[in-house]
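The values are calculated or read from the model by the stated rules, or taken from the named source; none is laboratory data. Treat the numbers as computed from the prediction; the structure is a model and nothing was measured. No Cβ is skipped: glycine too gets one built from the backbone with ideal geometry, and neighbour counts run over all protein chains shown. What goes into the accessible areas is simple: the full protein's heavy atoms, side chains included, and nothing from ligands, DNA or RNA. Shrake-Rupley method; radii C 1.70, N 1.55, O 1.52, S 1.80 Å.
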Amino acid sequence: MCSVQQPSEEQHVVDAVKDWLTTKIPLSAHGTVIITSRRRESIQGQRGLEVQQIDNDEAEQLLFKSAKPDFSKFTLEECEREKEAAGRIVQKLEYMPLAIVFMFAKYDLEVKVTHLISKKWKVGKHDRSVFAAWDLSFKAIQNQNPRAAELLLLCGFMDNNDICQELLQRGMKLPKDVKRQDRDASFSIHPLIHIWTQWKLKMEPEKYTKRVTEAFLMVASATDIPASKREVKDWVFERRILPHIIAVERQMKILAVENEEILEAIDCLHNVYRQHGY
């Protein structure tokens, strides 16, 4: 949520809401709360305004602004070809601004069109276009920083909010001399990207099983603290990561994979549940 200060009032913007927040918003005689959501049902009788879809020309302008092609180096024929390719891209992306902005990854436009047309995305109408665009951006991340790409896929099976550095530090058993900016430092993953990470791997069952298992074992490892060494800070840490524990355990139940290492991890997580009254 972001706040915009005005001389006479305060305006709040709450983005990507899943559920109606009426009960969580304090009443006030001044100020404005603007809530955005992709879900029409989130309005629930309240006054809503549907943002209209941008048209073809606006979509192409947004794409070129994001891709930043140097038209001064193109011939007239090449400029026409790029414009035609841009039209095909924005049409394929259903003129969604979020999907179009993702397209700035370092691929020439024709390659992007070929990639998008060749894929058969099996998700919802609007999500499909975003997933296609993000798939291209993910390839750019893989090329620039493979370890970051691997971490993103791993985090896709945890809860998408408050993925803290301490969880990764403990779970991956990083050396104690690895510097952390802040014990409370964390990041979140946009819900749509979070869904994409799981959907992407589901197309490759072996990789999907491998990633789920890695995420499960990593979270369990972060909570593997001998009773004799437990401190208050460990209890606080466990309480904080309970959403991640629940998320990875749910994924493992779906897979129904068991071996000695996984059974030990299950015992470790169940001990956490007991410690916190679950």
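Structure summary
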item	result
Area of Y278 that stays accessible when all protein chains are in place (1.4 Å probe, Å², to 10)	150 Å²
Residues whose placed amide H lies under 5 Å from that of V33, excluding near-sequence neighbours	H12
Separation of the Q142 and M172 label points, Cα + 7 Å toward Cβ, nm	1.9 nm
Loop trypsin sites (Lys or Arg not before Pro), the stretch 43-96 (other Cβ atoms within 10 Å of the site Cβ: 10 or fewer; DSSP)	R47
Accessible surface ranking that places the most exposed of D162, D55, D267 first, with a 1.4 angstrom probe	D267, D55, D162
Global geometry of the stretch 195-267, whether rounded, prolate or oblate, following the gyration tensor of its Cα atoms and the 1.5 cut on a/c	prolate
Which of L63, L255 is most accessible, then next, and so on - probe 1.4 Å	L255, L63
Linear extension gain, I34 paired with K233, 0.36 nm per residue minus alpha-carbon span	67.9 nm
Residue pairs, from the table K68/K207; K173/K233; K83/K207; K173/K253; K65/K210, whose Cα atoms sit over 28 Å apart	K68/K207; K83/K207; K65/K210
Accessible area in the full protein assembly, largest first, 1.4 Å probe, for T223, T213	T213, T223
Three-way shape call for the stretch 229-268 based on the alpha-carbon gyration tensor, with the a/c threshold at 1.5	oblate
Under the Karplus curve 6.51 cos²θ - 1.76 cosθ + 1.60, θ = phi - 60°, whole-Hz ³J(HN,Hα) for the stretch 190-199, x wherever Gly or Pro sits	3, x, 5, 5, 4, 5, 4, 4, 6, 4
In Hz, Karplus ³J(HN,Hα) per residue of the stretch 73-82 (6.51, -1.76, 1.60; θ = phi - 60°; x = Gly, Pro)	8, 9, 6, 4, 5, 5, 4, 5, 5, 5
Under Karplus coefficients 6.51, -1.76 and 1.60, residue-wise ³J(HN,Hα) of the stretch 156-171 in Hz, glycine/proline x	x, 9, 9, 5, 7, 10, 6, 7, 8, 4, 4, 4, 5, 4, 6, x
